[in-house]
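Have a look at the structure below before the remarks.
The values are calculated or read from the model by the stated rules, or taken from the named source; none is laboratory data. For clarity, every value in this text was computed on a predicted model and none was experimentally measured. Don't worry about glycine lacking a Cβ; one is built from the backbone with ideal geometry, like all the others, and counts go over all protein chains shown.
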Ligand SMILES: Cc1cc2nc3c(=O)[nH]c(=O)nc-3n(C[C@H](O)[C@H](O)[C@H](O)COP(=O)(O)O)c2cc1C
């Protein structure tokens, strides 16, 4: 059965890496809920470790998916793999390979690009990241998104229609730049934790 048809990323033997920065909690690790973090190619992606750390502090186990473009220099992939203890997933596994991640209990997309939001809404599953998102709503798990899209792009009618369509599917959107201005009076810092707050909403 294909990965898309099966939907969830179940696995018998997750490919774990060393996670030196975290204390071992082997007896709890089995019971922790599993969060998929999907990373797109926006400049702010370089800060995604903040989201991963915050999620782990809220007792999520985290597995990261990244778009192929995001893998090409947008964030520190080695640091993220060390932090999560798992390889980042960007390409489809080969037939016969084990599923590296368990099924998700929730999904976060941060940062979400114009490109990925539009492809997701249209059902164009041409990357593993978008395919994973296309499946997520059908799995019945909460999905939270923090878009990082410039105003000029956000005014494009296709993007507005994508947001409407995804909201209609139950996807939860947050504004990562809402709130007080930053220290220099400019844009506030990207509010990574807002994605986790959205997951906790009833
Ligand atoms: C330095 C840099 C920063 C970018 N920041 C953004 C951004 O904040 N939001 C966005 O939608 N696209 C941004 N882009 C453009 C995306 O990388 C581009 O649309 C890409 O195709 C998105 O691929 P993905 O959606 O598969 O990750 C940026 C590109 C570069 C080179």
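If you filter the range 160-182 down to residues that are out of contact with any strand residue (DSSP E or B) (no Cβ under 9 Å at 6 or more places or on another chain) and in contact (Cβ under 8 Å) with a residue 40 or more places away in the chain, you find that the one that is surrounded by the most Cβ atoms within 10 Å (Cβ to Cβ) is 162. Taking the range 123-141 as the range and being away from the ligand (no atom under 14 Å from the Cβ), within 21 Å of residue 99 (Cβ to Cβ) and not in a helix (DSSP H, G or I) as the test, the residues that pass are 140, 141.
The number of residues in the range 114-141 being more than 15 Å from residue 36 (Cβ to Cβ) and without any contact (Cβ under 8 Å) to a residue 24 or more places away in the chain comes to 4.
Looking at 104, 111, just one residue is over 14 Å from residue 68 (Cβ atoms), near the ligand (Cβ under 10 Å from one of its atoms) and in contact with a helix residue (DSSP H, G or I) (Cβ under 8 Å, 6 or more places away or on another chain), and that residue is 111. Of all residues assigned to the range 142-150, none qualifies as being without any contact (Cβ under 8 Å) to a residue 40 or more places away in the chain and part of a helix (DSSP H, G or I).
You will find that of 38, 80, the residue that is part of a helix (DSSP H, G or I), modelled with pLDDT of 95 or more and within 16 Å of the ligand (Cβ to nearest atom) is 80 and no other. For the range 41-59, which positions are touching a residue at least 40 places away in the same chain (Cβ under 8 Å) and either closer than 13 Å to residue 192 by Cβ or away from the ligand (no atom under 16 Å from the Cβ) (or both)? Hits for the range 41-59 are 42, 44, 45, 47, 48, 50, 51, 54, 55, 58.
The test for being surrounded by 17 or more Cβ atoms within 10 Å (Cβ to Cβ) and more than 13 Å from the ligand (Cβ to nearest atom) holds for residue 62. Does residue 68 fit the bill of being farther than 24 Å from residue 200 by Cβ, within 16 Å of the ligand (Cβ to nearest atom) and out of contact with any helix residue (DSSP H, G or I) (no Cβ under 7 Å at 6 or more places or on another chain)? Taking the combined requirement at face value, the residue satisfies it.
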